Amino acid sequence: MAFRASILTLYPEMFPGPLGQSLAGKALARGDAAIDTVFIREFGIGKHRMVDDTPAGGGAGMVMRADVLAAAIDHASPPGDERPRILMSPRGKPLTQCRVRELAAGPGAVILCGRFEGVDERVIAGRSLEEISIGDYILSGGELGALVLLDAVIRLLPGVMGNALSGETESFETGLLEHPHYTRPAEWEGRSIPDVLTSGDHGAVERWRHAEAERITRERRPDLLQGEAPRRRRSQENS
Ligand code: SAH
């Protein structure tokens, strides 16, 4: 069964959006992945199909209603649906390559995109939503977060990435940031390619790449090097 994502959103026309292009677009066209949308407003209350209301306790903005969201979730994810139910949320666990890999190995995901101030807290517990953040900044809605998550997942699906090997040496897969890349021309604006890369000595190339990956990780993301092997550390964070 192909990976299937159901997106609950007030803006269904945002999908597949950029995922209709390039690698993901081809995967969707081939049927290796499928994205469907559920328009939350269809589950809204009354003539005006209200989906939000003022926050209990007062304050700015609007909150998406638990009853409306639960109806949309139950429609998208009936009993027996094994897919994880995700809420895009700045309070969520930061998305990692490890979680992306787990999702790619599974049947798909049901993804709720928040808007306004967010969602009524009760629906998070009431429908066992896993809160996932794509970073420490605030988006205006969960849709771009869902697109980011799905882009990362779809490129890992079997047969999607042309050169499967390139996936294994990439940043985060090895626990290190990736080494620098070069291609022709050999000289550009007075800058040349490091000699070792054109030496033909594959062992030396490997050693250089590993040393560069370590140097760049130490400089830019020392947090990735701390403690035990980063790969294990990250998978534990997600368990
Ligand atoms: N009032 C909230 C922000 C709401 S932003 C707060 O201060 O935490 C509106 C919606 O955008 C959220 O419900 C969520 O679905 C989405 N969103 C915003 N930032 C996000 C992020 N960093 N990662 C994932 N989703 C995010």
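Annotations
- Of the residues making up segment 4-15, none is more than 18 Å from the chain's Cα centre (by Cα), touching a residue at least 24 places away in the same chain (Cβ under 8 Å) and open to solvent by less than 10 Å² (accessible area, probe 1.4 Å).
- Qualifying residue in segment 129-150 (condition: modelled with pLDDT under 85 and farther than 28 Å from Gly31 by Cβ): no
- Any chance Glu173 is more than 16 Å from the ligand (Cβ to nearest atom) and open to solvent by 40 Å² or more (accessible area, probe 1.4 Å): no
- Residue list for segment 85-103, filter: away from the ligand (no atom under 13 Å from the Cβ) and in contact with a strand residue (DSSP E or B) (Cβ under 7 Å, 6 or more places away or on another chain): Arg85, Leu103
- Test for Ser77: is it open to solvent by less than 70 Å² (accessible area, probe 1.4 Å), of a type in the set (Ser, Thr, Tyr) and away from the ligand (no atom under 16 Å from the Cβ): yes
- Within segment 127-145, residues that are in a helix (DSSP H, G or I) reach partners that are more than 6 Å from the ligand (Cβ to nearest atom) with beta carbons closer than 7 Å, at six or more positions or on different chains, in the pairs Glu143/Thr9; Glu143/Tyr11; Glu143/Met14.
The values are calculated or read from the model by the stated rules, or taken from the named source; none is laboratory data. From a predicted model like this one, the values you see are computed outputs, not experimental measurements. All Cβ positions, even for glycine, are placed from backbone atoms using ideal geometry, and neighbour counts span all protein chains on display. Side chains included, ligands, DNA and RNA excluded: accessible areas come from the protein's heavy atoms. Shrake-Rupley method; radii C 1.70, N 1.55, O 1.52, S 1.80 Å.
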